[in-house]
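Undergrad: Take this structure, written in structure tokens, and hold onto it; I'll ask about it next.
The values are calculated or read from the model by the stated rules, or taken from the named source; none is laboratory data. None of the values given here were measured: they were computed from a predicted structure. Glycine also receives a Cβ, built like all others from the backbone with ideal geometry; neighbour counts cover every protein chain displayed. Accessible surface is based on the protein model in full, side chains and every heavy atom, while ligands, DNA and RNA are left aside. Shrake-Rupley method; radii C 1.70, N 1.55, O 1.52, S 1.80 Å.
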Amino acid sequence: MTQTTLALGCIADDYTGASDLANTLTRAGLRTVQTIGVPADGLDLPEVDAVVVALKSRSIAPDTAVALSLDAQRWLAARGVAHTLFKVCSTFDSTDQGNIGPVTDALRAACGGGPVLVTPAFPETGRTVFMGHLFVGSQPLHESPLKDHPLNPMRDSNLVRVLDRQSSGGVGLIDRLTVAQGVDAVRARRDAVAAAGQGAAIVDAVADADLAIIGAAALDGPLSTGASGLGLGLARALVASGRVTPATGGAEAVARPVGGPAAIVVGSCSKATLEQLAAAEALFPVLRLDTDALLADPSAEVARALAFADARLGAGPVVVASSATPDKVAALQARHGRAAVGHRIEQALADVAAGLTERGVRRLVVAGGETSGAVVDRLGIPAFLVGPEIAPGVPVLRTAGLPGGDRLMALKSGNFGGPDFFAKALAMMG
Ligand SMILES: Nc1ncnc2c1ncn2[C@@H]1O[C@H](COP(=O)(O)OP(=O)(O)OP(=O)(O)O)[C@@H](O)[C@H]1O
Ligand SMILES: O=C(O)[C@@H](O)C(=O)CO
């Protein structure tokens with residue numbers, strides 16, 4: 001990539017979230033590439049309108065998340081980035097320590113500018129924000145399945161309060177009544193937030209039209225924080241202002257066949273994933289890992305999964321899953337500790353994915369953000385090109401710069417996709 005200006009730079013706090021955003025930007029006409037971490041100097045990237053730098057910073061120590069995000073911002077700044085979007089989860093996954101607040105604060109200090117507009121709204125997937133409260137479908141966040149998330153249980157729907165607890169700059173609200181009045185009203189309210197000395201404002205949005213208004217206002221400044229909905233708003237504003245000429249086509253070619261066996265690796269325990277796994281059981285051989293055995297002797301359990309795959313891969317796709325219901329997850333965490341359980345299961349699933357690719361698998365679906373992070377890191381993938389959409393927020397991805405030839409992958413956020421997601425994904429991967 002030799003260009004000296006970049007219309008939109010994005011720093012995503014996990015890999016599935018990054019591909020969700022890359023999908024949204026591509027559909028909105030921005031030529032987009034997703035890199036895994038800050039790209040190495042020699043990585044040959046195509047000429048693009050947007051780069052999504054995928055980090056694995058959602059559930060790590062705040063200081064490390066800040067350092068990684070600032071590194072990514074420096075890389076984007078060196079490419080003349082005009083605006084940076086810090087991509088967080090549409091369900092605002094975080095704890096009182098972070099990382100949405102600390103990273104937004106640090107990026108604001110690095111980029112300058114007034115209060116940062118923050119909204120996780122993504123109406124296409126049922127995430128809306130009204131009077132600062134986040135809804136998942138018709139349920140407030142704290143009553144939704146996210147209250148039982150294995151790593152970041154979300155027990156407060158009031159995002160002004162949630163962000164304020166993890167941020168040093170003070171948090172205001174730009175409500176739906178203001179957004180409905182248009183871009184100038186949002187700008188005026190942002191000025192009021194600045195005058196009150198606050199560093200960020202949660203912005204309500206219940207429909208894509210709201211996000212286009214917010215996107216246009218956000219482009220006045222160097223930084224915003226949000227999910228794919230805000231990405232859509234920014235992309236629409238970039239196109240409407242003539243700063244980007246929309247590209248068409250190209251996504252289908254990204255999914256051209258790569259051959260080889262296919263597999264699905266599942267570490268998400270979300271309600272949507274559990275339903276998808278149940279549906280997959282009628283179609284594919286599924287191995288459910290024994291998580292107690294895995295924690296006692298990970299390599300033996302990984303070997304069991306690979307033996308299962310060896311016996312079946314010749315005949316069709318196989319599924320390996322660690323997923324369990326919230327009560328079982330809670331019981332396992334009570335015995336071994338939340339962080340240790342999560343990390344060790346992710347690493348075991350990454351071992352399984354590596355073993356599968358050694359056995360020739362070239363089409364791989366991974367479910368779960370942290371799980372995808374562990375798998376993509378283990379496979380050493382430097383970047384992805386963005387293909388057609390399988391379900392809202394989940395595109396077919398083609399590896400770029402990976403020795404040994406391209407692979408097709410899909411990284412599914414826990415809560416995304418309908419019950420038939422896994423079959424649909426494999427059907428679109430040739
Ligand atoms: N049986 C299990 N018991 C306890 N923890 C598990 C189990 N299976 C998987 N996990 C852990 O649960 C976590 C699931 O997080 P992950 O981000 O992969 O999925 P998700 O939260 O549903 O997806 P997203 O972050 O995209 O919403 C991982 O750390 C994984 O290792
Ligand atoms: O925003 C979302 O919901 C997803 O892209 C995601 O980040 C889930 O991990």
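Undergrad: Please go through region 61-109 and pick out each residue that is farther than 28 Å from residue 136 by Cα and in contact with a Lys or Arg (Cβ under 8 Å, 6 or more places away or on another chain).
TA: Result: 82, single match.
Undergrad: If you don't mind, there's one more thing I want to ask. Which residue, of 171, 129, 162, 81, is within 28 Å of residue 341 (Cα to Cα), crowded, with 18+ Cβ neighbours inside 10 Å and in contact with a helix residue (DSSP H, G or I) (Cβ under 9 Å, 6 or more places away or on another chain)?
TA: Numbers: 171 fails: within 28 Å of residue 341 (Cα to Cα); 129 fails: within 28 Å of residue 341 (Cα to Cα); 81 fails: within 28 Å of residue 341 (Cα to Cα).
Answer to the selection: 162.
Undergrad: Restricting attention to region 26-41, which residues are open to solvent by 30 Å² or more (accessible area, probe 1.4 Å), in contact (Cβ under 8 Å) with a residue 40 or more places away in the chain, in contact with a helix residue (DSSP H, G or I) (Cβ under 9 Å, 6 or more places away or on another chain) and of a type outside the set (D, E, K, R)? Don't jump to the end; show me each part of the working.
TA: First pass over region 26-41, keeping only residues open to solvent by 30 Å² or more (accessible area, probe 1.4 Å): 26-27, 31, 38, 40-41.
Pick out the ones that are also in contact (Cβ under 8 Å) with a residue 40 or more places away in the chain and you get 26-27, 31, 40.
Checking which are in contact with a helix residue (DSSP H, G or I) (Cβ under 9 Å, 6 or more places away or on another chain) leaves us with 26-27, 31.
Across region 26-41, the qualifying residue is only 26.
Undergrad: Identify the single condition in (1) over 27 Å from residue 191 (Cβ atoms); (2) without any contact (Cβ under 8 Å) to a residue 40 or more places away in the chain that residue 99 does not satisfy, given that it satisfies every other one.
TA: Result: residue 99 passes all but (2).
Undergrad: Given the options 221, 233, 229, name the one that is more than 17 Å from residue 7 (Cβ to Cβ), open to solvent by less than 30 Å² (accessible area, probe 1.4 Å) and modelled with pLDDT of 95 or more. Walk me through it before giving the result.
TA: Details: 221 fails: more than 17 Å from residue 7 (Cβ to Cβ); 233 fails: more than 17 Å from residue 7 (Cβ to Cβ).
After applying the criteria, what remains is 229.
Undergrad: Moving on. Specify the residue that is most open to solvent (accessible area, probe 1.4 Å); the eligible residues are those in region 94-108 that are at pLDDT 95 or above and out of contact with any helix residue (DSSP H, G or I) (no Cβ under 7 Å at 6 or more places or on another chain). Talk me through it step by step, then tell me what you get.
TA: Let us first name the residues in region 94-108 that are at pLDDT 95 or above, namely 99-108.
From what is left, the residues that are out of contact with any helix residue (DSSP H, G or I) (no Cβ under 7 Å at 6 or more places or on another chain) are 104-105, 108.
Details: 104: 4, 105: 32, 108: 64 Å².
Among them, the one singled out is 108.
Undergrad: I've got another one for you. Restrict the check to region 396-406 and report whether at least one residue is away from ligand 2 (no atom under 16 Å from the Cβ), in contact with a Leu (Cβ under 6 Å, 6 or more places away or on another chain) and modelled with pLDDT under 95.
TA: There is at least one residue in region 396-406 that is away from ligand 2 (no atom under 16 Å from the Cβ), in contact with a Leu (Cβ under 6 Å, 6 or more places away or on another chain) and modelled with pLDDT under 95.
Undergrad: Under 6 Å by Cβ, and 6 or more places apart or on different chains, what pairs join a residue from region 183-212 that is under 15 Å from residue 160 (Cβ atoms) and of a type in the set (Val, Ile, Thr) with one that is modelled with pLDDT of 95 or more and part of a helix (DSSP H, G or I)?
TA: 202/159; 202/160; 203/214
Undergrad: Here is a check on your reading of the model: is residue 44 away from ligand 1 (no atom under 16 Å from the Cβ), open to solvent by less than 30 Å² (accessible area, probe 1.4 Å) and either touching a residue at least 24 places away in the same chain (Cβ under 8 Å) or more than 16 Å from residue 382 (Cβ to Cβ) (or both)?
TA: Numbers: away from ligand 1 (no atom under 16 Å from the Cβ): yes; open to solvent by less than 30 Å² (accessible area, probe 1.4 Å): no; either touching a residue at least 24 places away in the same chain (Cβ under 8 Å) or more than 16 Å from residue 382 (Cβ to Cβ) (or both): yes.
Criteria not met by residue 44.
Undergrad: Please go through (1) open to solvent by less than 30 Å² (accessible area, probe 1.4 Å); (2) on the phi < 0 side of the Ramachandran plot for residue 316 and return the number of the only condition it doesn't satisfy.
TA: The failed condition is (2).
Undergrad: While we're here: How many of the residues making up region 325-349 are under 24 Å from residue 278 (Cβ atoms) and either among the basic types (Lys, Arg) or crowded, with 16+ Cβ neighbours inside 10 Å (or both)?
TA: Taking region 325-349 first, the residues under 24 Å from residue 278 (Cβ atoms) are 325-333, 341-342, 345-346, 348-349.
With the extra rule that they be either among the basic types (Lys, Arg) or crowded, with 16+ Cβ neighbours inside 10 Å (or both), the set shrinks to 326, 328-329, 332-333, 341-342, 345-346, 348-349.
Number of matching residues: 11.
Undergrad: Give me the residue from region 396-410 that is more than 17 Å from residue 261 (Cβ to Cβ) and open to solvent by 40 Å² or more (accessible area, probe 1.4 Å) and, out of that set, farthest from the chain's Cα centre (by Cα).
TA: By that ranking, first place goes to 403.
Undergrad: Please work out which residue is farthest from ligand 1 (Cβ to nearest atom), limiting yourself to region 269-288 and to residues that are open to solvent by less than 20 Å² (accessible area, probe 1.4 Å) and closer than 17 Å to residue 353 by Cβ.
TA: Top of the filtered list is 280.
Undergrad: Consider residue 257 carefully, then state whether it is within 23 Å of residue 395 (Cα to Cα), more than 10 Å from ligand 1 (Cβ to nearest atom) and of a type outside the set (Ser, Thr, Tyr).
TA: On the way: within 23 Å of residue 395 (Cα to Cα): yes; more than 10 Å from ligand 1 (Cβ to nearest atom): yes; of a type outside the set (Ser, Thr, Tyr): yes.
Taking the combined requirement at face value, the residue satisfies it.
Undergrad: Could you please let me know if residue 156 is open to solvent by less than 40 Å² (accessible area, probe 1.4 Å), in contact with an Asp or Glu (Cβ under 8 Å, 6 or more places away or on another chain) and not polar (S, T, N, Q)?
TA: On the way: open to solvent by less than 40 Å² (accessible area, probe 1.4 Å): yes; in contact with an Asp or Glu (Cβ under 8 Å, 6 or more places away or on another chain): no; not polar (S, T, N, Q): yes.
It is false that residue 156 is open to solvent by less than 40 Å² (accessible area, probe 1.4 Å), in contact with an Asp or Glu (Cβ under 8 Å, 6 or more places away or on another chain) and not polar (S, T, N, Q).
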